[in-house]
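The values are calculated or read from the model by the stated rules, or taken from the named source; none is laboratory data. Remember, it's a predicted structure, so these values are computed and weren't measured experimentally. Positions of Cβ are generated from backbone atoms using ideal geometry, with glycine treated the same way; all protein chains shown enter the neighbour counts. SASA here: full protein model, heavy atoms, side chains in, ligands and nucleic acids out. Shrake-Rupley method; radii C 1.70, N 1.55, O 1.52, S 1.80 Å.
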Amino acid sequence: LAFGIASCGGSSEGATPTGASCNSGTAAVSQGGSPGATVNATDNLAFTPQNVTVNVGQVLQWKNTGQIGHTVTFSGNESCLTDAALAGGSTWDVTFNQAGTYDFRCTIHPQMTGVVTVH
């Protein structure tokens, strides 16, 4: 899927990459670039790794390694659902433009949670 650059949220805590209906913020959906790190969404209903660290400007990729659908939603801004349907085998890339801590989860499987730390 190709996305334009868009962002959401107003601070590094709970900031969310998403569509145009959100306020300017600190993370952006990326159209390209090589991922500096990858978080897998698995059929075991887990994000692996659960905690990941990237640098400002680095691309972080979420990859659904199984067949069960997932979402990647950043906490604190549920109205800005970031990836409404991460289907089996698909990927979603995000570039973080500001240091901070970003909590995320799968809205379909609430036990799937994780944290991105951006330096």
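The residue that is farthest from residue 119 (Cα to Cα), among those in the range 48-74 that are of a type outside the set (A, V, I, L, M, F, W, C) and touching a Leu at 6+ places or on another chain (Cβ under 8 Å), is 69.
A count restricted to the range 39-63 and to residues that are among the hydroxyl-bearing types (Ser, Thr, Tyr) and closer than 22 Å to residue 98 by Cα stands at 1.
Per-residue answers, yes or no, for (1) at pLDDT 90 or above; (2) of a type in the set (Val, Ile, Thr); (3) touching a Leu at 6+ places or on another chain (Cβ under 9 Å); (4) surrounded by 15 or more Cβ atoms within 10 Å (Cβ to Cβ):
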| site | (1), (2), (3), (4) |
| --- | --- |
| 46 | yes, no, no, yes |
| 77 | no, no, no, yes |
| 87 | yes, no, no, no |
| 95 | no, yes, yes, yes |
| 98 | no, no, no, yes |
| 111 | yes, no, yes, no |
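Checking the structure you have, find out if any residue of the range 50-58 is modelled with pLDDT under 90, open to solvent by 10 Å² or more (accessible area, probe 1.4 Å) and of a type in the set (Ser, Thr, Tyr). No, the conditions are met nowhere in the range 50-58.
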